[in-house]
Number of protein chains: 2
Amino acid sequence: MIMQNPNNNPAKTGAVVTLTDADLDQYLKNIDVLSIMEKTFAAFAKGQVVQPSQTLTLFPEDRGDFITYQGALSHFNVFGAKLSPYIPTAGAPIITAWTMLMSMETGLPLLLCDSGRLTRERTAATTALAVKKLAPAESKILTIIGTGAIGKAHLMHTLKLRDWQEIRLYSLDLVRDTEKQQAFKAIDSRIVVCDSAKAAVHLSDVVMLCTSSGKPVIDVNDIGKQALITSISTNVAQAHEIDPKALNSMHVYCDYKATTPASAGEMVLAARDHGWSAGKIVGDLTDLCSPSPIKPAYDKSIFFRSIGLGIEDIAIAYAIYSQF
Amino acid sequence: MIMQNPNNNPAKTGAVVTLTDADLDQYLKNIDVLSIMEKTFAAFAKGQVVQPSQTLTLFPEDRGDFITYQGALSHFNVFGAKLSPYIPTAGAPIITAWTMLMSMETGLPLLLCDSGRLTRERTAATTALAVKKLAPAESKILTIIGTGAIGKAHLMHTLKLRDWQEIRLYSLDLVRDTEKQQAFKAIDSRIVVCDSAKAAVHLSDVVMLCTSSGKPVIDVNDIGKQALITSISTNVAQAHEIDPKALNSMHVYCDYKATTPASAGEMVLAARDHGWSAGKIVGDLTDLCSPSPIKPAYDKSIFFRSIGLGIEDIAIAYAIYSQF
């Protein structure tokens, strides 16, 4: 059995580093997750990354399922898998995520790490990377719909990306919780809390949807100008945070062209019901991070959708491991 | 970081048990691997097991690949993944295998374990399970072709399955190595070393092929009687230890009907070139371990082919973990 002693350097002793959520604070604070994501997609553009499709395995006897996110990163000499089970219980379901990081040089495991918080961080940083690449330089108003942990992570990763004049937050929960409102306002003086999604998005330059909703949380027409709208995944079947039909009136981007269109709910529904097709996707994060990146056109609104990729999980796990 | 102390019970402290190859001796010796495999396939027959397809992911820049074996076992309340990389080097390639075992109840990891030796043991025990279920009760002569670690594991798991009168071993290596011959003979007095594969299989009741050969290692006609022939996987493309054409003259079984025919070299080639089809497979280990098992017919020879399954890796990892 491997004895783990924080006084030993596990990288030197050959031991496997095992980190729980409580251990992560001290390592996560040293990491620029957005920069790691940008490097990872730039490496992808150079052929140094392989991203297999995620796999969903049902548990026997209707006991839930688990999703496996895999990736191989030649530039960091690592590969691995994140396993994320969904376990129904009498109360709230149990959802966890753990990553096994392995060396592409020795074939040995390097890190076993609780990846709940890492998943949140890489998801928000991936959206932030899209904002960095796609939002007009002169963007002034940022709106965040959904103010849970994932919404807050989005806020933190996008705070400095543009010279925001106003940062608007909206969620049903936040409207009712003055204590939480004060906590958000303490982060940045430009933050305002809105009474409705409609008011929050009006004339906004960038709208980040950070909910676990299975149906639209905003009407894109309520924005009233060209904007960048970002949207993330949740585990509701065919989940979509905007009306699928709206894809036809926007420039559509995603995290990975090869897998996102078959998984993102609004893309699946837009293709089925509204004459949209995956071929209309302008580009993905690899295209945006390549040496000759796609330049966004600003003649209509832009929609960016991520489903989350194994290479992001492996990259952030490596960034944690590399501190040992 | 989790501190691991052999004086604590990791199952009680919530720590993840991490085991290297050197740690395994003391735990492996307590396990009846054949019995665990039989229970696992019996559970599969009852719908308590889910076996997704294995996935192969190429490393970037032609640096090798890794195979992921996954499984979920409701009867043991565990699921997980074994990652097995193949890393070419200037010398011999590096091949490792590590399993992450997780709880289906808590969603937390339980064990991270070197699975090189466990893979060998579960492979041999799976063949032994087929011998137990398929070899005629009165079988007298056992032949093993290939006498490396995997061949020796096959020997150990089948020694007591029938009242063998003679156990014949053959490999090119063994013929030349008198010291190794003596070591084998010391295991059991019924063991004889043969000069050729042809002599070794002649009038044998059970022939276990335990090589990493990509092409036939015996001519099934050299057996000269009805026999049970077993064959395992190796990582050579379209590897086959017998002539693919021979499938047409035998009753064919495998470890898992849903995945083996598309992966086993002689099945792929027999289907492509010799008019054989996967529909001709009589049954798999789940059929043989079900409450109403298929009874083998002895009107012609029987061929059993395994490719190795994730559920076997998860089951043996659980058997190790359950000792903590």
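Hand me the list of helices (runs of 4 or more DSSP H) wholly inside the range B:171-216 holding 2 or more residues that are farther than 19 Å from residue B:154 by Cα. Break it down stepwise before answering.
Details: elements: B:172-176, B:178-187, B:197-201.
Per the criteria, B:178-187, B:197-201.
Mind listing just one residue for me: the one in the range A:278-314 that is of a type in the set (Asp, Glu) and touching an Asp or Glu at 6+ places or on another chain (Cβ under 9 Å) and, of those, nearest to residue A:72 (Cα to Cα)? Even if it seems obvious, please write down each step before you answer.
Keep residues of the range A:278-314 that are of a type in the set (Asp, Glu), which gives A:284, A:287, A:299, A:312-313.
The next check asks that each one be touching an Asp or Glu at 6+ places or on another chain (Cβ under 9 Å); those that pass are A:284, A:312.
Working: A:284: 19, A:312: 10 Å.
Across the range A:278-314, the extreme among qualifying residues is A:312.
Regarding residue B:287, is this residue farther than 22 Å from residue B:53 by Cβ, open to solvent by 20 Å² or more (accessible area, probe 1.4 Å) and touching a Pro at 6+ places or on another chain (Cβ under 8 Å)?
Numbers: farther than 22 Å from residue B:53 by Cβ: no; open to solvent by 20 Å² or more (accessible area, probe 1.4 Å): yes; touching a Pro at 6+ places or on another chain (Cβ under 8 Å): yes.
Spelling it out, it is not the case that residue B:287 is farther than 22 Å from residue B:53 by Cβ, open to solvent by 20 Å² or more (accessible area, probe 1.4 Å) and touching a Pro at 6+ places or on another chain (Cβ under 8 Å).
Which pairs turn up if I take residues in the range B:41-53 that are facing chain A (nearest Cβ under 8 Å) and look for partners that are open to solvent by 30 Å² or more (accessible area, probe 1.4 Å) with beta carbon separation below 7 Å, at least 6 apart in sequence or on another chain?
Here the result reads B:47/A:61; B:48/A:61; B:48/B:75; B:50/A:58; B:52/A:55, each pair linking the range B:41-53 to a residue that is open to solvent by 30 Å² or more (accessible area, probe 1.4 Å).
Considering only residues that are assigned to a loop (DSSP other than H, G, I, E, B) and either touching a His at 6+ places or on another chain (Cβ under 8 Å) or facing another protein chain (nearest Cβ under 7 Å) (or both), look in the range B:71-104 and name the one that is farthest from residue A:60 (Cα to Cα).
From the range B:71-104, those assigned to a loop (DSSP other than H, G, I, E, B) are B:74-77, B:88-93, B:96-97, B:104; that's our starting set.
Subsequent filtering for residues that are either touching a His at 6+ places or on another chain (Cβ under 8 Å) or facing another protein chain (nearest Cβ under 7 Å) (or both) retains B:74, B:96, B:104.
Values: B:74: 6, B:96: 29, B:104: 10 Å.
Checked the range B:71-104; the qualifying residue farthest from residue A:60 (Cα to Cα) is B:96.
Within the bounds of the range B:21-33, is there any residue that is part of a strand (DSSP E or B), charged (D, E, K, R) and facing another protein chain (nearest Cβ under 10 Å)? Walk me through how you get there before you give the answer.
Quick first cut of the range B:21-33, residues part of a strand (DSSP E or B) only: none.
Within the range B:21-33, not a single residue is part of a strand (DSSP E or B), charged (D, E, K, R) and facing another protein chain (nearest Cβ under 10 Å).
Every residue, every condition in (1) among the acidic types (Asp, Glu); (2) surrounded by 15 or more Cβ atoms within 10 Å (Cβ to Cβ); (3) under 19 Å from residue A:312 (Cβ atoms); (4) touching a residue at least 12 places away in the same chain (Cβ under 8 Å), yes or no:
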{"position": "A:76", "(1), (2), (3), (4)": "no, yes, yes, yes"}
{"position": "A:92", "(1), (2), (3), (4)": "no, no, no, no"}
{"position": "A:101", "(1), (2), (3), (4)": "no, yes, yes, yes"}
{"position": "A:116", "(1), (2), (3), (4)": "no, yes, yes, yes"}
{"position": "A:119", "(1), (2), (3), (4)": "no, yes, yes, yes"}
{"position": "A:165", "(1), (2), (3), (4)": "no, no, no, yes"}
{"position": "A:179", "(1), (2), (3), (4)": "yes, no, no, no"}
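For the range A:40-67, which residues satisfy the criterion of being outside any loop (DSSP other than H, G, I, E, B) and more than 20 Å from residue B:53 (Cβ to Cβ)? Full working, then the answer.
Pass one, the range A:40-67, residues outside any loop (DSSP other than H, G, I, E, B): A:40-45, A:49-50, A:55-58, A:60-62, A:65-67.
Answer for the range A:40-67, where residues must be outside any loop (DSSP other than H, G, I, E, B) and more than 20 Å from residue B:53 (Cβ to Cβ): A:40, A:41, A:42, A:43, A:44, A:45, A:49, A:61, A:62.
Could you tell me how many of the residues in the range A:224-241 are surrounded by fewer than 22 Cβ atoms within 10 Å (Cβ to Cβ) and aliphatic (A, V, I, L, M)? Spell out the reasoning first.
Step one: list which residues in the range A:224-241 are surrounded by fewer than 22 Cβ atoms within 10 Å (Cβ to Cβ), which gives A:224-226, A:233-239.
Filter once more, so that each one left must be aliphatic (A, V, I, L, M): A:236-237, A:239.
Of the residues in the range A:224-241, 3 are surrounded by fewer than 22 Cβ atoms within 10 Å (Cβ to Cβ) and aliphatic (A, V, I, L, M).
Across the range B:54-70, what is the total count of residues that are more than 8 Å from every other protein chain (Cβ to nearest Cβ) and at negative phi? It would help to see each step written out before you state the result.
Step one: filter the range B:54-70 for residues more than 8 Å from every other protein chain (Cβ to nearest Cβ), giving B:54, B:56, B:62, B:65, B:67, B:69.
Narrowing the set further to residues that are at negative phi leaves B:54, B:56, B:65, B:67, B:69.
Residues that pass the stated criteria total 5.
Criterion first (under 30 Å from residue B:296 (Cβ atoms) and over 21 Å from the mean Cα position of the chain (by Cα)) does residue B:140 satisfy it?
On the way: under 30 Å from residue B:296 (Cβ atoms): yes; over 21 Å from the mean Cα position of the chain (by Cα): yes.
Yes: the conditions hold for residue B:140.
Hey, among the residues in the range A:105-125 that are in contact with a Ser or Thr (Cβ under 7 Å, 6 or more places away or on another chain) and facing chain B (nearest Cβ under 9 Å), which one's farthest from residue B:67 (Cα to Cα)?
Per the stated criteria, the residue is A:114.
So which residues in the range A:192-212 are over 18 Å from residue A:177 (Cα atoms), without any contact (Cβ under 8 Å) to a residue 40 or more places away in the chain and buried (at least 16 other Cβ atoms within 10 Å of the Cβ), if there are any at all?
Across the range A:192-212, the qualifying residue is only A:202.
Note down all Cβ pairs under 8 Å where the first residue falls in the range B:229-254 and is at positive phi, the second is open to solvent by 10 Å² or more (accessible area, probe 1.4 Å), and they're at least six residues apart or on different chains.
Pairs found: B:238/B:214; B:238/B:268; B:238/B:269.
Residue A:48 is checked against (1) in contact with a helix residue (DSSP H, G or I) (Cβ under 8 Å, 6 or more places away or on another chain); (2) closer than 23 Å to residue B:107 by Cβ and fails just one. What number does that condition carry?
Against the list (1) in contact with a helix residue (DSSP H, G or I) (Cβ under 8 Å, 6 or more places away or on another chain); (2) closer than 23 Å to residue B:107 by Cβ, residue A:48 comes up short only on (2).
When you look at residue B:308, is it assigned to a helix (DSSP H, G or I), out of contact with any Leu (no Cβ under 7 Å at 6 or more places or on another chain) and small (Gly, Ala, Ser), yes or no?
So residue B:308 fails the test.
The values are calculated or read from the model by the stated rules, or taken from the named source; none is laboratory data. Computed from a predicted structure; not experimentally measured. All Cβ positions, even for glycine, are placed from backbone atoms using ideal geometry, and neighbour counts span all protein chains on display. For the accessible areas, the whole protein counts, side chains as well, though only heavy atoms, and no ligand, DNA or RNA atoms are used. Shrake-Rupley method; radii C 1.70, N 1.55, O 1.52, S 1.80 Å.
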